[in-house]
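Everything below concerns the one structure shown next.
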Amino acid sequence: MTLDRRSLLGSALTLSAMTLFPQLTRAQARKLVFATFTGSWEEAHRDVLVPAFRKSGNEVLLDPMLSVDQIAKVTAARNNPPIDVMLHDPGPALTAIAQDLVEPFPVAQSKHYGDLITEAQDPHGPAMFFQVVGLTYNPEKIKTPPTSWADLWKPEYKGRVGITNMNSTLGTGFMVELARMHGGNESNIEPAFRKISELKPSLAAVAANPGALAALYQQGQIDISPGNFNAIQILKARGVPVEFVAPKEGAIAFKTSVHIVKNSPNKALAALLIDTALSPEVQTRLMQSPYLVVPTHGKVKMEGEIAKVLARDQAEMKKKFVFQDWKKINEQRPAWIDRFNKEIKL
């Protein structure tokens, strides 16, 4: 019996994976489960990360769900978790770590961890991409691009402004930045509540999440809002008239980290999947159209719309982006969410 080229390549890559993570054995190499996010993130990981991981001779099942659902599932079955790898924004990531739901990432064995920019390095779970929040607007309705978060309060936009609630990272990040503009900080967002109350007459919608907010542009319900760069670029690719601009105060950046679930029977495979996600090959492909994901690997050259709109390289990104202290934010976030949901209703 002869082996074809594909079989030989798969065998070689599997041996390479076993060398990188010695604890990986063929007995363990069953399909693992990666709880990615819904929507465009699932599409990007299915199209780019899954094929890259398959080159090691292994399979992965994507199970798209929100962070809160990931944490609930793992908490309900701590000894036999149905998920091997979780994906989280900063707030849920800190919650998962605090609740002892994650395993440390094997930094010493990783090929790519050391090449991540400092802000993306965390032994509890490295960041595989950044999400960036700035101002988004409909250029057919707003001819002069906005330049500041304060532009949302302009009287000419009355009834055409959209925001998200604080259940979303976008919504919380915007409120924190609003507080900082008016004397507050990550521990005190009272100034933001005062300002957002003043914005209520201009609000057309308070969306549940960034995806729902982006859809409001498609439906013609809003003309301006805080927005997620990735979601807006996907809309643009579909022909929706919408643009993204970084406000003069700085675009808000938050890392999205990937974690090995504690008690996973596939820890080595989970680590290999994460290392694949950190690779320059995967991050370069995810940065390209139609995904436009902001990379965390320090040797990945910024290009395309990311270089044009956000930053030309990682050094400029660190200077231009606003990185918030989510450890402080998490301390009061549940109370802030409750207050926001009660006070900011349309």
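The values are calculated or read from the model by the stated rules, or taken from the named source; none is laboratory data. Values in this document were obtained by computation on a predicted structure and should not be read as measured data. Note: ideal-geometry Cβ built from the backbone for every residue, glycine included; neighbour counts use all protein chains shown. Side chains are part of the model used for accessible areas, which takes the heavy atoms of the whole protein and leaves out ligands, DNA and RNA. Shrake-Rupley method; radii C 1.70, N 1.55, O 1.52, S 1.80 Å.
For every residue, the table says whether it meets (1) farther than 23 Å from Ala98 by Cβ; (2) of a type outside the set (A, V, I, L, M, F, W, C).
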position	(1), (2)
Thr256	no, yes
Val261	no, no
Pro265	yes, yes
Lys301	yes, yes
Ala311	yes, no
Gln324	no, yes
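Restricting attention to segment 304-337, the residues that are within 23 Å of Ser168 (Cβ to Cβ) and outside any helix (DSSP H, G or I) total 6.
Okay, residues lined up against (1) open to solvent by 40 Å² or more (accessible area, probe 1.4 Å); (2) closer than 15 Å to Thr118 by Cα:
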position: Lys299; (1), (2): yes, yes
position: Ala307; (1), (2): no, no
position: Ala311; (1), (2): no, no
position: Gln314; (1), (2): no, yes
position: Lys318; (1), (2): yes, yes
position: Lys328; (1), (2): yes, no
position: Phe340; (1), (2): no, no
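Using the structure shown, decide if Glu103 is of a type in the set (Asp, Glu), in contact with a helix residue (DSSP H, G or I) (Cβ under 7 Å, 6 or more places away or on another chain) and either over 15 Å from Phe254 (Cβ atoms) or at pLDDT below 95 (or both). Considered against the rule, which asks whether it is of a type in the set (Asp, Glu), in contact with a helix residue (DSSP H, G or I) (Cβ under 7 Å, 6 or more places away or on another chain) and either over 15 Å from Phe254 (Cβ atoms) or at pLDDT below 95 (or both), Glu103 comes out as yes.
Of all the listed residues (Gln131, Gln121, Gln99), the sole one being touching a Phe, Trp or Tyr at 6+ places or on another chain (Cβ under 7 Å) and open to solvent by 20 Å² or more (accessible area, probe 1.4 Å) is Gln121. Filtering segment 114-130 to residues that are in contact with a strand residue (DSSP E or B) (Cβ under 9 Å, 6 or more places away or on another chain) and either in a helix (DSSP H, G or I) or modelled with pLDDT under 95 (or both) leaves Asp115, Ile117, Glu119, Ala120, Phe129, Phe130. Among the residues making up segment 239-296, those that are more than 15 Å from Ala127 (Cα to Cα), outside any helix (DSSP H, G or I) and among the charged types (D, E, K, R) are Glu243, Lys248, Glu249, Lys262. Look at Arg238 and say whether it is surrounded by fewer than 22 Cβ atoms within 10 Å (Cβ to Cβ), more than 27 Å from Lys154 (Cα to Cα) and charged (D, E, K, R). Taking the combined requirement at face value, the residue satisfies it. Looking across Val206, Val261, one residue alone is open to solvent by less than 10 Å² (accessible area, probe 1.4 Å) and modelled with pLDDT of 95 or more. It is Val261.
Quick test for you: out of Ala179, Ala108, Ala192, Ala93, pick the one residue that is in contact (Cβ under 8 Å) with a residue 60 or more places away in the chain, assigned to a helix (DSSP H, G or I), among the hydrophobic types (A, V, I, L, M, F, W, C) and over 30 Å from Gly239 (Cβ atoms).
Result: Ala93 is the single residue among Ala179, Ala108, Ala192, Ala93 that is in contact (Cβ under 8 Å) with a residue 60 or more places away in the chain, assigned to a helix (DSSP H, G or I), among the hydrophobic types (A, V, I, L, M, F, W, C) and over 30 Å from Gly239 (Cβ atoms).
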